[in-house]
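Below is one structure, written out as C-alpha cells; the observations come after it.
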Amino acid sequence: MEKERTFVMIKPDAVQRGLIGEIISRIEKSGLKIVAMKFIFPTLEHAKKHYAVHEGKPFYNGLVKFITSGPAVPMVVEGENAIQKMRTILGSTNPQDAAPGTIRGDFGLNIGRNLVHAADSPENAKYEMNVYFEKSELVDWNWVQETWIYEQ
Ligand code: IDP
Ligand code: MG
C-alpha cells in the first residue's frame, strides 16, 4: 500500500467563518493522518510562491490579496492516495459546481472564496509543503487507528 503526502491549507475565509474544526474533522474522519499543521498569517512571499503557477491570470492579484488577508491553517496530510483523496473531499474549484458532501459544495458559493486549498500533483504537493514548512516541522508518527483503516 503506497502512502503519499499532500499539502492542504484552510484559507482565510474558512478561518473567519469558524470552519477550522469542521474541516479538520472531515480530514481526520476520512482516515488521512495529519503530519504537520500550524496557524499563521500568510505573508506576501508565501502567497507569491504558493500561487506562482497562476501569475498573470486575471484572478491572480485578487487571489494573492485574499490569501494574505487573514490567518490560515497550512497542513500536510498523509495516506493512501492522499492527493486525489483530498481533492475529492474539497470538491470542484467552483463551489457552484461542487457536489454536496464536499467542503466546497457544503459551505461555499463563490470561486474566489472556496475555503480550502489542496495540492493537485505530487510535484506541487512537495513544492507547496516547502513554501509553508521546514522539513523539521513534519512529524513522523504512528496512528493506532491505521490498523483499522488499511488492510494490512
Ligand atoms: P484549485 O484550488 O481547485 O486547485 P486552481 O485552478 O488551482 O483551483 O486555482 C487556485 C485558486 O484560485 C482557486 O482555489 C480559487 O481560490 C482561485 N481562482 C481560480 N479561478 C478563479 C476565478 O476564475 N476567479 C476567482 N478566483 C479563482
Ligand atoms: Mg490548484
| note | Given Cβ charges of +1 for Lys and Arg and -1 for Asp and Glu, the option among V139, A14, S30 whose Cα lies farthest towards the positive end of the dipole of the chain is A14
| message | Can you give me the C-alpha center-to-center distance between the stretch 33-83 and the stretch 102-125, rounded to a whole angstrom? | response | 11
| said: Regarding the chain, what's the average projected area of the Cα-atom convex hull, expressed in nm²? | reply: 8.9
| request: Let me have the 222 nm mean residue ellipticity of the chain computed from DSSP H runs of 4+ only, each contributing -39500 (n - 2.57), with the sum over all residues rounded to the nearest 500. | output: -10000 deg cm²/dmol
| task | Tabulate in residue order the Karplus-calculated ³J(HN,Hα) for the stretch 30-47, using 6.51 cos²θ - 1.76 cosθ + 1.60 with θ = phi - 60°, rounded to whole Hz; enter x for Gly and Pro. | result | 5, x, 6, 9, 7, 10, 7, 6, 7, 10, 9, 9, x, 8, 4, 4, 3, 4
| remark: For the stretch 6-46, the Kirkwood Rh over every pair of distinct alpha carbons, in Å, works out to 11.4
| Hey, fewest Cβ within 10 Å first, where do E2, E78, E128 land in order? | E2, E78, E128
| field | Per-residue ³J(HN,Hα) for the stretch 50-60, Karplus 6.51 cos²θ - 1.76 cosθ + 1.60, θ = phi - 60°, Hz, x for Gly and Pro | value | 4, 9, 3, 5, 9, 4, x, 7, x, 8, 4
| query | Relative to the longest principal Cα axis of the chain, at what angle does helix 122-132 sit, 0 to 90 degrees, rounded to 10? | reply | 70
| query | Of L32, L109, L19, how do they rank once you tally other Cβ atoms within 10 Å and put the fewest first? | reply | L109, L19, L32
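No value in this document is a laboratory result; all are computed from the given coordinates. All of these numbers come straight from a predicted model, not from anything done at the bench. All Cβ positions, even for glycine, are placed from backbone atoms using ideal geometry, and neighbour counts span all protein chains on display.
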